[in-house]
Amino acid sequence: MSTKGSKSKIPDEEIREPGNLTLILLGVVALFLTLFSIYSIYLSLSRDYVKPPAVIVSFLDEVIASNTDKTDFVTVLNKYLDTGVSSGFGWSATPSHNWVAFKRTIFNHGDIPVSYEIAASYEGLIELVLYDVQGDALYPRLTLAYKLSDDGQTIVDFTFARMQPFSILDSEYKEDWG
Amino acid sequence: MTARGKQRLLWVLVFIIVFNVVFGFFATRNLGVSRNVGCQVVKLMYEFDDPLYLGPNYARLKEILSDSMWDKLNIDNDQRVVNSYYKFLNESSSVDFVFVRDGFIVYRLHNDNIAEGTLWVFCYDIVDGKVDNIREYKLVSVYRGVEGGF
């Protein structure tokens with residue numbers, strides 16, 4: 001006897017009907033697990049990464065564009081930094097220690113940086129890679145930890161530093177940092 | 001609802017449950033562990049009474065690190081030891097976390113031979129539940145505004 005093309009169909013009266021309580025319990029479990037999965041996706045997407053604040057991006061854009069010109073640099077700092085911070089630079093005809101320190105952090109890489117990339121951004125801190133005119137990365141990387149004013153328009157405090165790899169096993173490590 | 005409809009609903013619900021259990025297993029592997037495990041790695045590496053007796057710490061690290069990171073960072077790697085542990089000069093050390101985010105940790109080391117204010121950075125990724133792509137930095141040419149911004 002050939003069964004080709006035939007489709008067995010169980011009559012409705014022979015189907016074992018699941019109980020309502022079973023369906024309700026399974027429905028609750030399925031709903032709970034689905035909500036948990038959605039929550040997991042949300043957490044994995046949000047993590048700690050944040051978009052860098054506009055004031056930080058503008059500040060860096062203009063600092064890089066100042067291209068070591070002290071007058072431009074001072075203008076940028078006064079524009080974006082809270083007076084409590086910018087006054088610490090002690091502007092005068094003679095470059096202050098603070099001015100030299102700040103300038104050294106960003107410009108003293110052997111070559112002048114003309115652009116940058118924000119390699120990582122967290123709430124309150126960004127990691128930067130600077131690039132020269134040929135588009136080559138100028139290591140070491142930089143980090144800027146910041147606090148903004150309540151309106152988010154001014155930098156009220158910060159730490160700006162080079163991230164120097166201390167292991168020679170690090171691909172970015174080199175003996176001479178310029 | 002007919003018996004056939006209820007049976008179909010049953011199979012749909014079973015499928016949803018199985019799918020979510022499998023998906024949830026993979027989705028949650030890297031959740032919740034990242035920040036804690038980063039701090040844990042830093043403490044296991046740099047918090048000790050005597051750097052000559054780091055064996056138990058590194059036995060634990062082997063379970064946390066990916067195989068490639070373990071090859072690079074284990075204490076049998078002389079280059080790694082010189083770079084990371086020479087600065088302690090056989091004195092005890094403790095860690096003080098300054099800034100902790102998933103994948104990016106800033107910390108201070110309390111050791112008689114390391115300047116108290118020096119900041120160190122530990123960057124990492126979590127891959128398949130293991131700590132991978134570790135990058136370690138010392139912050140130099142540090143310029144602080146008022147108190148630092150951390």
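The values are calculated or read from the model by the stated rules, or taken from the named source; none is laboratory data. Predicted model, so just to flag it, every value in this text is computed and none were measured. So basically every Cβ, Gly included, is an ideal-geometry build from the backbone, and we count neighbours across all protein chains shown.
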(request) Identify, by number, the condition in (1) buried (at least 23 other Cβ atoms within 10 Å of the Cβ); (2) more than 7 Å from chain B (Cβ to nearest Cβ) that residue A:151 doesn't meet. (result) (1)
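Rundown of residues vs (1) within 14 Å of another protein chain (Cβ to nearest Cβ); (2) over 30 Å from residue A:17 (Cα atoms), yes/no style:
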site	(1), (2)
B:8	yes, no
B:11	yes, no
B:64	no, yes
B:69	yes, yes
B:89	no, yes
B:101	yes, yes
B:116	no, yes
(message) Name the residue that is farthest from the other protein chains (Cβ to nearest Cβ), counting only residues in the stretch A:154-176 that are in contact (Cβ under 8 Å) with a residue 24 or more places away in the chain and closer than 24 Å to residue B:78 by Cβ.
(response) A:174
(request) Looking only at the stretch B:98-146, count how many residues are over 17 Å from residue A:105 (Cβ atoms), out of contact with any strand residue (DSSP E or B) (no Cβ under 6 Å at 6 or more places or on another chain) and free of Cβ contacts under 8 Å to residues at least 24 places away in the same chain. (result) 3
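Could you list, in sequence order, the residues of the stretch A:116-136 that are within 18 Å of the chain's Cα centre (by Cα), more than 11 Å from every other protein chain (Cβ to nearest Cβ) and loosely packed, with under 15 Cβ neighbours inside 10 Å? Let's see the steps before the verdict.
Step one: filter the stretch A:116-136 for residues within 18 Å of the chain's Cα centre (by Cα), giving A:116-131.
Still in the list and also more than 11 Å from every other protein chain (Cβ to nearest Cβ): A:116-118, A:128-131.
Answer for the stretch A:116-136, where residues must be within 18 Å of the chain's Cα centre (by Cα), more than 11 Å from every other protein chain (Cβ to nearest Cβ) and loosely packed, with under 15 Cβ neighbours inside 10 Å: just A:117.
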(message) Need a quick list: helices (runs of 4 or more DSSP H) entirely within the stretch A:62-178 having at least 2 residues that are among the hydrophobic types (A, V, I, L, M, F, W, C) and modelled with pLDDT under 75.
(response) A:97-107
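Taking the residues in the stretch B:56-75 that are of a type in the set (Gly, Ala, Ser) and in contact (Cβ under 8 Å) with a residue 12 or more places away in the chain as candidates, determine which candidate is nearest to residue B:41 (Cα to Cα).
Quick first cut of the stretch B:56-75, residues of a type in the set (Gly, Ala, Ser) only: B:59, B:66, B:68.
With in contact (Cβ under 8 Å) with a residue 12 or more places away in the chain added as a condition, the list becomes B:66, B:68.
Numbers: B:66: 12, B:68: 15 Å.
Once the filter is applied, the top-ranked residue is B:66.
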